[in-house]
Amino acid sequence: MPFPVGFDRRVIINPTQPGGSYRTRVQLLSRSREELLFDLQIFDDQGHIFERVTGMRMRDVSGGKIKPPEWMQEGQGK
């Protein structure tokens, strides 16, 4: 199960507010056996961007001990 372990750059354009409703757009840049690399944006329902993160690195830090729910595992579910 991958967890965020770092990122290249984070730009806060407009701080999010408690109780606000936001969406996230995530783009997979690369995938290897050890690591996933993403860019992401946080925006509201009107399309206003609040935050951008580039080069978000994610990897398994549990040594395989933490597993995603069965419905999220590749080839599982309907």
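The values are calculated or read from the model by the stated rules, or taken from the named source; none is laboratory data. As the structure is a computational prediction, the values presented were derived from the model and not from experiment. In this analysis, Cβ positions are derived from the backbone assuming ideal geometry, glycine residues included, and neighbour counts consider all displayed protein chains.
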Original post:
So how many residues does region 12-23 have that are exposed (fewer than 11 other Cβ atoms within 10 Å of the Cβ) and touching a strand residue (DSSP E or B) at 6+ places or on another chain (Cβ under 6 Å)?
Top reply: 0
Original post:
Mind checking which residues of region 52-65 are surrounded by 10 or more Cβ atoms within 10 Å (Cβ to Cβ) and farther than 14 Å from P4 by Cβ?
Top reply: R52
Original post:
In region 1-24, what count of residues is obtained for those that are modelled with pLDDT of 95 or more and either within 24 Å of P69 (Cα to Cα) or of a type in the set (D, E) (or both)?
Top reply: 3
